Amino acid sequence: MGCGRVGASLAEAMARRGHSISVIDRDPAAFARLGPDFTGTTTVGLGFDRDVLTRAGIETADAFAAVSSGDNSNIVAARVARETFGVGRVVARIYDAGRAEVYARLGIPTVATVPWTTERFVAELDDDGDAVAWRDPSGSVDLIDLDIDESWIGTSVARFEEETGCHIVFLNRVGRAILPEARTALQDEDIVYAAVRSTDRAAVRAAAAAPRPAHD
């Protein structure tokens, strides 16, 4: 819902990943922001109206993103999508950070209006092995979670960083966040969150997922 700059960018990003996309906006002129190669469908109307949502295909939707310019419209539409139509993945764009926290308690993931909005929505809506948890405004540094090969278990954080080219920001260990020291050893089932240069992201993922190189 919403075909402003973020909505159009999000729709095109998800379409490039092979998803079928339906875009809703109350202004038919807004659909001009969609590129000429966009293959999804468009529906004119209010995105929190049940009839409009039904016409747009909400009953068969796997995910719904509310990215209009109004916080109230976004949260109402998100709740209708989740509570009335049972959509499994619902995300709402919220301008007011304080309100976003309140809505998060209702079980609706929210994304604040920041330069990496589109990237975060993609991460929330799509199971993607290369999703980015956070990107700095310049687009040069990413925060990602890494799948690590079992051969890295027992390796110190310092050695892992040296050999993969990343910087570990924190570990999620049995549901608890840990700020590791250089000597902290990686354990089985740790979720590793690391900062990497955007240009190195693929190489770091590959290095972490591969068996650790043999050492003398």
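The values are calculated or read from the model by the stated rules, or taken from the named source; none is laboratory data. This one's a predicted model, so the numbers in the text were calculated from it and none came from an experiment. Glycine also receives a Cβ, built like all others from the backbone with ideal geometry; neighbour counts cover every protein chain displayed.
Figures for the structure shown
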read-out	value
One residue from 5, 89 being surrounded by 14 or more Cβ atoms within 10 Å (Cβ to Cβ) and out of contact with any Phe, Trp or Tyr (no Cβ under 6 Å at 6 or more places or on another chain)	89
Wholly enclosed strands (runs of 3 or more DSSP E) of segment 1-118 bearing at least 1 residues at pLDDT below 90	89-94, 110-112
Filter result for residue 82 (out of contact with any Asp or Glu (no Cβ under 6 Å at 6 or more places or on another chain), charged (D, E, K, R) and farther than 19 Å from residue 125 by Cα)	no
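Listed here are the residues, each with its yes/no results for (1) surrounded by 15 or more Cβ atoms within 10 Å (Cβ to Cβ); (2) at pLDDT 90 or above; (3) not in a helix (DSSP H, G or I).
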residue	(1), (2), (3)
122	yes, no, no
148	yes, yes, yes
172	no, yes, yes
182	no, yes, yes
195	yes, yes, yes
211	no, yes, yes
216	no, no, yes
